[in-house]
Every structure is written in structure tokens, then in C-alpha cells.
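Asker: Please find one structure pasted underneath; my questions will follow.
None of the figures in this text is laboratory data; all of them are computed from the coordinates on show. In this text the structure is predicted, and so the values were computed from the model without any measurement. When we count neighbours, we look across all protein chains shown, and the Cβ atoms used for this are built from the backbone with ideal geometry, even at glycine.
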Number of protein chains: 2
Amino acid sequence: MSEKGAIIELIALLKLERHEQLPETLDEMAVQDIAEAIDQTESHEDRLVVFMTLPEERRTDTFSYLPHSAQRQMLADLDNKEAKRVLHELVPDDRTAFLENLDPEELEGMLKLLAPEDLKQSLKLLGYPEESIGRLMTPRFVAVRPTWTVARSLDHIRHEANRGETVNFVFVTDERGRLIDAVKLKDFILARQDAKVEALMDEEFYSVQASADREEAVQVIQHYDINTLAVTDKNGVMLGIVTVDDIMDVAEQEITEDFHKLGGTGSLNISIREASPGFLYRKRIGWLMILVLVNLVSGLAIAMFEDAIEAVIALVFFLPLIIASAGNAGSQSATLMVRALATGDVESKDWLRLWGKEFSVALGLGLTMGVAVSFIGAWRGGPELALQLAMVVGFAMLAVVIMGAMIGMLLPFILQRANMDPATASTPLITSVADVVGILIYFSIAAAILNLPSPVT
Amino acid sequence: MSEKGAIIELIALLKLERHEQLPETLDEMAVQDIAEAIDQTESHEDRLVVFMTLPEERRTDTFSYLPHSAQRQMLADLDNKEAKRVLHELVPDDRTAFLENLDPEELEGMLKLLAPEDLKQSLKLLGYPEESIGRLMTPRFVAVRPTWTVARSLDHIRHEANRGETVNFVFVTDERGRLIDAVKLKDFILARQDAKVEALMDEEFYSVQASADREEAVQVIQHYDINTLAVTDKNGVMLGIVTVDDIMDVAEQEITEDFHKLGGTGSLNISIREASPGFLYRKRIGWLMILVLVNLVSGLAIAMFEDAIEAVIALVFFLPLIIASAGNAGSQSATLMVRALATGDVESKDWLRLWGKEFSVALGLGLTMGVAVSFIGAWRGGPELALQLAMVVGFAMLAVVIMGAMIGMLLPFILQRANMDPATASTPLITSVADVVGILIYFSIAAAILNLPSPVT
């Protein structure tokens, strides 16, 4: 794609120190791509050259697309006056996003750079709970009154649009600032100039409260296919707007969180590229040690059957196969359920119907895999044990696949019911739990069919 | 949330057969919620009652939000005239989405219901490759010429907006229909009435080709934070637009595909709720059987060390722990990498730098876990073997965790390089491969330290 070409060209110009050609190249690049090029540039000096070569009005836009760590770095490198200007010109939601990622000391330093009015606004937005809609919203929107004419409203809209506000939707508020409707800009253009705003109102609008979880804004925007969502306080007074592009970023973060949880790392909330090894270690060791404990139970389960194993050592041959199959079937089920619950495709009340379906699927899977491995069991059993070992591994496979699928399917639902994130049913957790139960099932079936020493308890 | 209340109320009214109250309830509901209520209604008759109670102009909108299976059902239940009307009024991209999910015979029946002009358009859109941008686009957009005045353009925009087109962006095309710019509606309102369109042009616009993969449209819209994206043919002639709400649906599908692949089910492309057990069985059995083959290699690896195991049966105690830990560390790495590659947080050229970081993280994880289990090794070893068994399990744990993390980290990159989806490195696959290598490492270390019989090959 051509934007990659521009980024490579820009970086090449910096390396060759052909700074005189920078303005022309930058002029043809989108701010998003300039931000990406800056982020890929190692030298602080080069980053600064690119940034300061930009015309003033593009610097803040470029800044808003930098990753947080690059933003911090840039502000530290800029002189005080320019840093103040950039912070002042950032739209309020971008400023909140930048400030909320700072350490307390850094935050204090940054707040000192803000103009009094910006400071007041930022402190107000930072006052909303983490991951709330208030943290995402921008308090800049265009509001008109129902009694205004279309002509007067358009004058007002023109004035606000000139200040850079989003105007695809115009909000109608009452004398106390309470939201009473949202009207498309297009409707103002279609209407007669002397019509009243009231005549355009259809009372169909969507709003969320600033204190609500940001996940709610994602759901409303996705469900109702809207671009701009009104945010109010608990009395319905309009406070700001959230736009679809912010929502897409939030949705991406939430999905990444789900992936990470499902993969057994907990949620990272930071770019892998930027995360330090120490941070990654701390995030990952917790779950791994918990899983070690679960796996030790597997060891204890095996220890119970040590005599049986000594009697028929061939049983160990099938051990990884049997327990892995339980874990694999469970991972499939858990992934399907976690994702279906996350997209709203299934809800927790659907569990019984899905359980029935999952059971029949698992029965089919278990039978197929059981028959397949029973042939291998017959081969490993040799002349004496062919039939018995075929039966042991065939039945064990059938049983563990069904059991693994049931654990994988039900655990996400149980977690959801307990108000926990279903994605906590990570595939490593499902696999490890399935190991324990799989070992017990396998050796119990083996002990029964082969008439082996009973478990040591 | 209140929309849930409305859905429940609607379903209750149907059950109580209080049809006279339906119009009032429906009047206050959004079409998205009506569609959800219809989808939750089992009885065909009740579905039809709700649909036909709606005023004509809301029926098609409601229809467009139904899942595909419910759409098919509804069209089959409607009389021919109403079915024709609904199909005619669907916006072209929704019509394509409906038609592309039909079986060939069903498709033929539906195409017969289309008006000649709609048929021509639908066949053209269905002519684009599956999962291409052409399948997503709507050929309805507003285009003006650079030489027009703002006043003339606004007249044209009003006319098109009245026909229900999306007008947040107005496209500027030349005499051959080639796209030369995209201008915000807001700029037309801000401009002087007698200014030329040329004066509003900034030549900053984004477009994609209709034949390109829809993933590209997702990336451009997300990267550049735009609501409406122009679609052209290979000569730059404007063909249609794709809007952000379509893109969010596509992004959700692609992410679900990634989840499913990572969970080892392959991609389903269908709602779990609607998928038949047979379909789920067929989708899942393939990967499970492939994994059985991988796990059989684990069995063969164990068979090589059967004599060693018979000599020190306590080794089996640690087997599930050691191999599960390799798989768990690998699942973590694979999930982190697959997601980071999908979001563009890392690119395939970053592999070496990430490999270094992952190695140091894995070293830390392996050391911690190795030390922890070596105590358990000492305990299981008893007075005679305490030190040796502690060394065996400690070193084995260190080695398998590093090995698992390396497999999990590198496999997604290798797949990406081979132009395959990195998510094919599913956690069950990583776990199963880690099992094989883990067994070889564990017993080799055990054989060396405990001076056991060498492997049977």
C-alpha cells in the first residue's frame, strides 16, 4: 500500500539527513501515517525534526495518533511553550486518554502545563471512573433549542463547525440542558429555513450515562449503527459525545483483553512491543503457577495408579494422547462459548439448549476418535492384550472427549453467572483441569477392564 | 436496559394474544430491537403478525437486522407481493449480504422476485469475489463536479438525501466518473453559496478497490478514523461506498474467525446458536484427528523411554506437569503474538527483537517454575533420589518452558511469512507439539541424570 511507501521514504530522508525534502513529503502524508513514522524512528532528534517541520495546525493531530509512550517522550523533548500549545489544542477525550496513562508524578507535571480552563475540564473528565464512558467523551457538541428556527440553528452550527466540532448530529436540549432529541445535520439542510427545530424532532435518540461502563457505549453504537452517541448525567443533562472511532478503539482493546485472558496471560492493556520483559513476566507467572498446582493434582492422580502402570507399562503410551484429546475438545468448546457470549450470540439463559447440542456434538467426536484409537490400542496390546487395550483406549477416549467438551462449555457459563469474565476459562486452565479428570477416567477404565491393582489412596 | 424491557413486553403481548396493543409497543421500539424480538419468537405466525403490524416503511429496515436464517424464513412466510416489496426496498449491500448466504436453488427463487433493475445490480455485486469489498458496498452515493457551485451542489445533495442516501461525505468526480476528492457535508454548509466545489477540495481522500479483500476496507477505516469510504474500480471510477457500520460487522466476524482458529475449531462463519450439531461436528473433528496424530508421536516418544520409566516409576508423576507447563507457556506466547499480529501492533519484521524479549521472559518463567517444582521433586525422590529427582524436574521444567514459549512465539510468525493465517497456530496445536518435545526433553534429562537405560529406538 502506498502509505507504507511514504513512511519508508520519510525514514530514509531522515537517515540521509535530507531535511530540506521533509516538508514536501510530509505534506502528502496523512497525520496517522506521520505518527506511525515517528513511532518507528528511534532517534529523539529525528522525531523532533519531523514534528517541528509540520505546520503548527497538523502537529496536535499527529500527536494524538502517537502511542502513549511516544507521546510522553515527545512532550519531554519539546520546549515548554510548544508542549503547552499541543496539550491545549488536543481534543478533550484525547487529552484524557493521554493523562490517564501517566504515573502520578508525571501527571502532576503535565497538569501544570495546562491552561486553567483545560485543567478544570481535564480534572473533571479524569474524575469519572476508569473504563467509564466519561473518560472517553468529548464535552464538545452542538446543541440547539426546539424553539429555534432552522436558519438560526444553521448559523449556530456553522459557528461551532468552524471551531472544529463534530456536527453530523445536532442535539436538541431544553432550558436546563437536558437532552430531548438528536437530529441529523442532513435534516437541517433538507428543512425549510423558517421551520422550527421542533418540526424536525422525532424523539428517537440514544444516550448513555457518563458514569456507565464504556462497554455499554460500544454495545449501543454497534447495536443501533450510529456514529455519534450522546452522553448525559443521571438527570439527563447533556455532557458530551462519544464517536464511533473512539468506540472502535475501545472495542479493539476489549477484544484483545479477551484473547489474552483466553490464552492464559490475564489482561495486559499495553502494546506487546512496548511491554518490558519484567512486566510480561509478572503478568504471566501468576497463571502459570496456578496451573502448576492444578497439574500437580494430575501427578497425584497418576500416583494413585502407579501399581497399575507398573503392571501394564504400555498404558503410559496412551497417556498424552488421552489427556491431550480431552483438553483439545475442551479448548474448542470453551473458545466457541467465550466468543459467542462476548458477541451476544448466546446469553447465559441459553445454556441448557447449548448443553444438549454440545453433548451430541461431543458424543460424535468422542465416538469417532474412540474408534480410531482403539485400533492403535489393539496394535500396542500385542497378541495377548489386543482386545482389552482396544477397549480401554476406545472407551477412555469417548469418555474424556465428552468430559472435556462439557467442562469447556459449562465453565464460561458458570463464570458469567458468577459475574466473572467468561474468558477467565482460559484454554490452559481447561486443558489442565481436563488433564486431571482425564487421568482418573483413563486409569479407572484401564483398572476395571484389565483387572489391575486398585488405586492406592 | 430498557430495550430488553420492550422486547420482553412484545413477546408477552404475543403470548397473551393481545395483538391490539402491538402497534403502540412497536411504535416505541427501534427496528434493531424489533428484529431481536422477532428472532426470539419461535412461532412463525407470531413473527408474521409482528412484521405485518409494522408500518410499511419500517418493515424493510427491521428485515435488514434479522439474522440470515430468520430472513429466509420470513420471506418464505410472506405473500409474494410483500416479499417482492421488501427485497426491492432493501439497500443494495443488505440485499447482497442476504443473497450470498443462500443455497443455489434458493438463490434462483429469490432472484425471480427481484425487479429487473435490482436483479441487474444484485448480479453485479454478487459478481465480486467472496469476502471482497464489492460484496459490502452500496452503489448509492452523492457525487458532484468540481465546476459546480456550492448552491447547485446543495440542491443536488438535498435531492439525493431525500432518497435516503448517506450524505456525510460528498464525492467529487471528473467527467469520466473518476473519484478526485471527498468533501465533508459540513464544508458545503460552511462555504459561500456561489463558491465553486473546486475551492472546497483538499485532495485528501481514501479509496479502496471493489475487488480487494474486505479486510483492507476495515484497516483503512480504522486507521484513518473515517465514517464513509469510497470504492472504485481499477481505473479509479467511483462505484460505491462502504460505511463504518458495515465495517464493524466485518471486523467482528474476522475477530470471531481468529478466536475460533486459535481455539482449534477452524473458522465457522455461522452463529453457534444456529449451527447444527452435524455442522459443528464436521468443523471440529478435522483438527481433533490431526491433533490425535501429533499426540501419537508423544506416545512413541514415551515408548522410547519405557525401560527408563519402569526403572523409576516416579518419573510418571511429573509427566503431566512438565508437558502441560510447556503447553501453557506456549499458549500464552502464541495468543499474545497472534493478537499482536492481527492488530498490527507487531509486524513480521519485528520477529527477531520479540524473540529476544520472549526468550528473556521465558527464562524468568522457567527459572521460577523450575525452582518451585524441584522442591516437589526432592520430596517425591525420597531419601535416596531427592537431589537427583529435584535436578531432573527443575532442569526439565526450565527447558520445556523456554521451548514451549519459543514454539508458541515463532509458529505464528512462520505461518505469517508463509502467507497463512497466524491464528492457525491454535493453542491445541501448540500444546500438542509442546507435548512431544517436552516428553523428549524430560526423559532425556532424566536418563542422563539418573543414569537410566538409554532410549529404545
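Asker: How far, in whole Å, is the closest Cβ of chain B from the axis that maps B onto A, and which residue does it belong to?
Answerer: Closest to the rotation axis on chain B: B:427, 2.
Asker: Let me ask another. Let me make sure I get this right: for segment B:209-251, a, b and c are the square roots of the gyration tensor eigenvalues over alpha carbons, sorted descending. Under 1.5 in a/c it's rounded, otherwise prolate if a/b > b/c, else oblate. Which is it?
Answerer: It is prolate, given that a/c is not under 1.5 and a/b is the larger ratio.
Asker: Counting Lys and Arg as +1 and Asp and Glu as -1, what is the net charge of the other residues whose Cβ lies under 12 Å from the Cβ of residue B:401?
Answerer: With Lys, Arg at +1 and Asp, Glu at -1, the neighbours total 0.
Asker: Contour minus end-to-end for residue B:282 and residue B:249, with contour as 0.36 nm per residue of separation and end-to-end as the Cα-Cα distance?
Answerer: So the extension gain works out to 9.3 nm.
Asker: Taking the alpha-carbon distance from residue B:357 and a cut-off under 13 Å, which aspartates and glutamates remain once sequence neighbours fewer than 8 residues away in the same chain are dropped?
Answerer: Reachable aspartates and glutamates: A:274.
Asker: Under the rule of at least 5 residues apart or a separate chain, name every residue whose amide H is placed under 5 Å from the amide H of residue B:232.
Answerer: Hits under the 5 Å cutoff: B:208, B:209, B:210, B:239.
Asker: Nearest 0.05, what FRET efficiency do residue B:237 and residue A:203 give at R0 = 45 Å with Cβ-Cβ as r?
Answerer: After rounding to 0.05, the efficiency reads 0.60.
Asker: While we're looking at this one, here's another question. Within segment B:1-81, list the trypsin sites (Lys or Arg not before Pro) lying in a DSSP loop whose Cβ has at most 16 other Cβ atoms in a 10 Å radius.
Answerer: Those that pass, being in a loop and sparsely packed, are B:18.
Asker: Scattering from the C-alpha atoms of chain A alone, worked out with Debye: what is log10 I(q)/I(0) at q = 0.07, 0.08, 0.12, 0.14 1/Å?
Answerer: Debye intensities relative to I(0), on a log10 scale: -0.57, -0.70, -1.08, -1.26.
Asker: Sorted from largest to smallest, which semi-axis lengths in Å does the alpha carbon gyration tensor of segment A:162-301 give for its equivalent ellipsoid, taking the root of 5 times each eigenvalue?
Answerer: Working through the eigenvalues yields semi-axes of 48, 15, 13 Å.
Asker: Sorted from shortest, what are the nm distances separating the label point of residue A:175 from equivalent points in the other copies, each placed 7 Å from Cα along Cα to C-beta?
Answerer: 6.0
Asker: Could you list, bin by bin from short to long, the percent of Cα-Cα pairs of the protein assembly as shown in 20 Å steps?
Answerer: 13, 40, 33, 13, 2
Asker: In nm, what does the list of distances from residue A:108 to its counterparts in the other copies look like, shortest first, when each label sits 7 Å along Cα to Cβ?
Answerer: Computed spacing set for this position: 7.8 nm.
Asker: What is segment B:143-251's relative contact order, in percent, from Cα pairs under 8 angstrom and six or more apart in sequence?
Answerer: Contact order relative to length: 24 percent.
Asker: In whole angstrom, how long is each semi-axis of the equivalent ellipsoid of segment B:246-394, when you take the square root of 5 times every eigenvalue of its Cα gyration tensor and sort them from largest down?
Answerer: One finds semi-axes of 39, 23, 12 Å for segment B:246-394.
Asker: What ranking do B:28, B:57 get, fewest neighbouring Cβ atoms within 10 angstrom at the top?
Answerer: B:57, B:28
Asker: Run the helix sum for the protein assembly as shown: -39,500 (n - 2.57) per DSSP H stretch of 4+ residues, divided by residue count, reported at 222 nm to the nearest 500 deg cm²/dmol.
Answerer: After summing the helix terms and dividing by the residues of the protein assembly as shown, the value is -22000 deg cm²/dmol.
Asker: Just want to confirm a number: the relative contact order over segment A:1-83, from Cα pairs under 8 angstrom separated by 6+ residues, in percent.
Answerer: Value for segment A:1-83: 28 percent.
Asker: Turning to a different aspect of this structure: Over all Cα pairs of segment B:354-445, how is the pair count split among 5 Å bins, expressed in % and running from 0 up to the last occupied bin?
Answerer: Percent of pairs per bin, in order: 3, 15, 18, 20, 18, 11, 7, 4, 3, 1, 0.
Asker: Stretched out fully, how many nm does the piece from residue B:56 to residue B:24 gain, at 0.36 nm a residue minus the Cα gap?
Answerer: 10.0 nm
Asker: If you take every DSSP beta bridge whose two residues both sit in chain A, what share of them, in percent to the nearest 5, is antiparallel?
Answerer: Counting only bridges with both partners in chain A, antiparallel ones make up about 75 percent.
Asker: Lys/Arg Cβ at +1, Asp/Glu Cβ at -1, dipole of the protein assembly as shown taken about the Cα centre: which of A:356, A:219, B:419 is farthest positive-ward?
Answerer: A:356
Asker: Given 10 °C and 1.306 mPa s, how large is the Stokes-Einstein diffusion coefficient of segment A:22-76 in µm²/s, with Rh as the Kirkwood radius over Cα pairs?
Answerer: 145
Asker: If I take every Cα pair under 8 Å that is 6 or more residues apart in chain A, average their sequence separation and divide by the length, what percent do I get for the relative contact order?
Answerer: After rounding, I find 11 percent.
Asker: In addition: For chain B, what are the DSSP H helices with axial Cα length of 30 Å or more and mean Kyte-Doolittle hydropathy of at least 1.6?
Answerer: B:427-450
Asker: Also, quick follow-up: Could you tell me the distance between the Cα centroids of segment B:261-318 and segment B:32-63, to the nearest Å?
Answerer: 44
Asker: How big is the Kirkwood radius of segment B:2-127, worked out from every pair of different alpha carbons and given in Å to one decimal?
Answerer: Taking the inverse mean of 1/r over all distinct Cα pairs, segment B:2-127 comes out at 15.1 Å.
Asker: Considering only DSSP beta bridges whose two residues both sit in the protein assembly as shown, what percent are antiparallel, to the nearest 5?
Answerer: Antiparallel bridges: around 75 percent, rounded to the nearest 5.
Asker: While we're on this one: What are the distances, in nm and sorted shortest first, from the label point of residue A:32 to the label points of the same position in each other copy, with each label point placed 7 Å from Cα along the Cα-to-Cβ direction?
Answerer: Values, ascending and in nm: 2.2.
Asker: Separate question: How large is the convex hull of the Cα atoms of segment A:82-171 per residue, expressed in Å³ as a whole number?
Answerer: Spelled out: Cα convex hull of segment A:82-171, divided by residues, is 114 Å³.
Asker: Still on this model: Specify the inter-centroid distance of segment A:8-26 and segment B:145-189, based on alpha-carbon positions, in whole Å.
Answerer: Centre-to-centre (Cα) distance: 36 Å.
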